[in-house]
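This report refers to the structure that appears directly beneath it.
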Amino acid sequence: LFPDTYNYLGTDTVIDIMLRAHRKMNRVLEQEWAKRAPGLPYKTPYEALIMASIIEKETGVAAERARVSAVLHNRLRRRMRLQSDPTVAYAVTGGGVSLGRPLTRADFEAESPYNTYRVTGLPPGPIANPGRASLMAAVQPLETKEYYFVADGQGGHAFSRTLREHNRAVAK
């Protein structure tokens with residue numbers, strides 16, 4: 001469903017509104033897919049939607065979306081696990097609800113096709129309803145050589161090219 005403000009009449013049903021949001025997601029996804037960069041590591045708009053949902057949950061900082069996308073794309077191309085914390089939260093809760101607590105070591109071991117710490121590649125479906133900016137980032141990532149990022153404690157992320165740099169950022 002596309003996250004947006006929808007006008008409705010008192011006679012509209014929840015299903016009517018959901019169908020409008022679904023149709024709008026399909027339109028926006030089709031528009032962004034048409035502008036996709038060459039050489040993406042996925043072949044369908046649905047895979048782009050899955051990637052966009054991860055980007056949506058990974059950062060609320062607009063300026064970081066394409067860079068987060070770049071890291072995730074670089075990892076996919078190298079067949080590295082995405083290791084996205086929001087996918088773990090989704091796996092643990094079954095989706096649709098907030099975890100309501102920090103992730104634990106046990107959470108990262110959860111058996112689920114959505115747990116990108118345990119499986120390689122994209123999860124089988126979206127973990128959120130991404131907006132246009134995340135969809136755009138999913139199909140037009142930055143070109144970087146970065147493979148890691150971690151929250152910087154100030155609302156953004158520290159990005160790293162190597163595991164050594166990443167471990168320093170984590171320690172900081």
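Kindly establish whether TYR42 is under 17 Å from the mean Cα position of the chain (by Cα) and farther than 20 Å from GLY96 by Cβ.
Spelling it out, TYR42 is indeed under 17 Å from the mean Cα position of the chain (by Cα) and farther than 20 Å from GLY96 by Cβ.
Would you mention how many residues in the range 147-161 are open to solvent by less than 30 Å² (accessible area, probe 1.4 Å) and among the polar types (S, T, N, Q)?
1
Hey, does the range 34-56 have a residue that's under 24 Å from HIS157 (Cα atoms) and either without any contact (Cβ under 8 Å) to a residue 12 or more places away in the chain or charged (D, E, K, R) (or both)?
yes
GLU109 is checked against (1) in contact (Cβ under 8 Å) with a residue 40 or more places away in the chain; (2) over 21 Å from GLY39 (Cβ atoms) and fails just one. What number does that condition carry?
(1)
Please go through the range 117-141 and pick out each residue that is in contact with a Ser or Thr (Cβ under 8 Å, 6 or more places away or on another chain) and not in a loop (DSSP other than H, G, I, E, B).
Those that are in contact with a Ser or Thr (Cβ under 8 Å, 6 or more places away or on another chain) and not in a loop (DSSP other than H, G, I, E, B): SER134, ALA137, ALA138.
Looking only at the range 69-89, which residues are open to solvent by less than 10 Å² (accessible area, probe 1.4 Å) and over 16 Å from TYR147 (Cβ atoms)?
Of everything in the range 69-89, those that are open to solvent by less than 10 Å² (accessible area, probe 1.4 Å) and over 16 Å from TYR147 (Cβ atoms) turn out to be THR87, VAL88.
Can you spot a residue in the range 4-16 that is open to solvent by 20 Å² or more (accessible area, probe 1.4 Å), within 30 Å of LEU142 (Cα to Cα) and not β-branched (Val, Ile, Thr)? First the steps, then the outcome.
Filtering the range 4-16 for residues open to solvent by 20 Å² or more (accessible area, probe 1.4 Å) gives 4-16.
Narrowing the set further to residues that are within 30 Å of LEU142 (Cα to Cα) leaves 4-5.
Filter once more, so that each one left must be not β-branched (Val, Ile, Thr): 4.
Yes, the range 4-16 contains at least one residue that is open to solvent by 20 Å² or more (accessible area, probe 1.4 Å), within 30 Å of LEU142 (Cα to Cα) and not β-branched (Val, Ile, Thr).
Look at the range 104-127 and say how many of its residues are farther than 25 Å from LEU1 by Cα, hydrophobic (A, V, I, L, M, F, W, C) and surrounded by 14 or more Cβ atoms within 10 Å (Cβ to Cβ).
Result for the range 104-127: 3.
Residues of the range 100-116 being part of a loop (DSSP other than H, G, I, E, B) and not charged (D, E, K, R), which ones?
GLY100, PRO102, LEU103, THR104, ALA106, ALA110, SER112, PRO113, TYR114, ASN115, THR116, listed by residue number.
When the residues of the range 26-65 are filtered to those that are under 16 Å from ALA133 (Cα atoms), of a type outside the set (A, V, I, L, M, F, W, C) and not in a helix (DSSP H, G or I), which remaining residue is least open to solvent (accessible area, probe 1.4 Å)?
The qualifying residue least open to solvent (accessible area, probe 1.4 Å) is THR59.
Listed here are the residues, each with its yes/no results for (1) surrounded by 14 or more Cβ atoms within 10 Å (Cβ to Cβ); (2) touching a residue at least 40 places away in the same chain (Cβ under 8 Å).
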| residue | (1), (2) |
| --- | --- |
| ARG67 | yes, yes |
| ALA91 | yes, no |
| GLY94 | no, no |
| PRO102 | no, no |
| GLY131 | yes, yes |
| LYS145 | no, yes |
| LEU163 | no, no |
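The values are calculated or read from the model by the stated rules, or taken from the named source; none is laboratory data. Bear in mind that the values here come from a model prediction, so they are computed numbers and not experimental data. Here the Cβ is made from the backbone with ideal geometry for all residues, glycine too, and neighbour counts use every protein chain on show. Please note that ligands, DNA and RNA were not included when accessible areas were found on the heavy atoms of the full protein model with its side chains. Shrake-Rupley method; radii C 1.70, N 1.55, O 1.52, S 1.80 Å.
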